[in-house]
Amino acid sequence: MPIIDQPEFRPTSIDDPTAHQLRLLLTLAEELHFGRAARKLYLTQPALSQQIRSLEERLGVALFHRSSRRVELTAAGSAVLPAARNVVDAADELRNIARRMASGSDRLRLGVCESFTALASTRAIIAAVRQRHPELGPDVRVLDRFSDQLAALRTGEIDAAFAHFPMPEDLHCEPLTVEPRLACIAGDDPLADRSSLRLADLAEHRVISLVSPTFRAGHDFWSVNPRPDGSQVRYAAHPGASFESLLSSVSLGTAVAFVPAVAAELYPRPDLRYLDVEDLTQCTFGIAWHPGNPMQTKSATLQSVVDAFRRNALSRTQTADRPRWAAFR
């Protein structure tokens, strides 16, 4: 594959890179495709290319290899990514602190994916905050994608998020419940008539996930990669943009998805089957927040509510005859 010649860069300006340019760098490094990155950033492709070129000139190094078919990070590009992330995170935190100080708002802002607003644990936490601390609200924001939750947490747009784990290590996580994971397959799949499966039965199926490969721990967990025998999974051509789009892709027979058991109750569809997988581990649902959140009183309040929920939920599971899933122990 021919590589388009890369010019030798020398710094042309003593100006530091802008946080905006570094944000563009991080997005392009995630997508490795100018068109997709530009659409995600609401830019034209030429504008994004010009900004990346300007950043390279400021730094004096080429950050990407560009070919006629693909874009790849150079060694220098890979080396600067951690520092670029730190700068962007610091800029986001600065903006968030200033925004909060300007607004004077102490209301608790919670994020939740639309798919799981019906979960009892989610609704119980929100209700408990409203009852015990009505001055905190809370304000609830519905976020369609896992990546949107992470971005909102890191920029301070929300104080905490309800999500299925794992979450990145820079976030504080409090588990609420555990439940099985199921295999979601097309209704006309040859395996659809089975009562249960093993992972080996799905070895030839491609996998679709909502979690970006840039968050490796989460991506591997929800695609079950590698498999117990050490084999690597094959992925669908396109990742899911939302939970609904993921289910639609599965229904068309293009992939299998591993989903929380509650999805079978929230999204029953005649073109899908949800099957137990005997050697598939459970998943955990909980709440996460950034430990760098400057509003420590809100974090302490949220922690106390979560602790109370877990005590009550554990008490219920100890007395229930057949709980569907258990509180986290």
(request) Looking at (1) under 22 Å from Ala261 (Cβ atoms); (2) touching a strand residue (DSSP E or B) at 6+ places or on another chain (Cβ under 6 Å), find the lone condition where Ile158 falls short. (result) (1)
(message) Against the definition (in the same structural domain as Pro260 (by TED's automatic domain parsing) and part of a loop (DSSP other than H, G, I, E, B)), how does Asp201 come out, yes or no?
(response) no
(message) Take the residues in region 252-264 that are at pLDDT 90 or above and not aliphatic (A, V, I, L, M); name whichever of them is farthest from Asn225 (Cα to Cα).
(response) Pro260
(message) Can you tell me how many residues within region 69-80 are among the basic types (Lys, Arg) and assigned to a helix (DSSP H, G or I)?
(response) 0
(request) For region 18-68, enumerate the residues that are of a type outside the set (Ser, Thr, Tyr) and part of a strand (DSSP E or B). (result) Phe64, His65, Arg66
(message) Please count how many residues of region 84-143 are more than 28 Å from Val178 (Cα to Cα) and either over 23 Å from the mean Cα position of the chain (by Cα) or at pLDDT below 80 (or both).
(response) 18
(message) Just the residues that are of a type outside the set (Ser, Thr, Tyr) and out of contact with any helix residue (DSSP H, G or I) (no Cβ under 7 Å at 6 or more places or on another chain), please, taken from region 188-199.
(response) Asp188, Asp189, Pro190, Ala192, Asp193, Arg194, Leu197, Arg198, Leu199
(request) Among the residues of region 193-243, write down those that are farther than 19 Å from Glu31 by Cα, without any contact (Cβ under 8 Å) to a residue 24 or more places away in the chain and not polar (S, T, N, Q). (result) Asp193, Asp201, Glu204, Pro226, Gly230
(request) Please determine, by comparing only the residues of region 170-192 that are in contact (Cβ under 8 Å) with a residue 12 or more places away in the chain and outside any strand (DSSP E or B), which one is nearest to Pro228 (Cα to Cα). (result) Pro180
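The values are calculated or read from the model by the stated rules, or taken from the named source; none is laboratory data. Because the structure is a prediction, the values reported are computed rather than measured. Quick reminder, even Gly has a Cβ in these numbers, built from the backbone with ideal geometry, and neighbours come from all protein chains shown.
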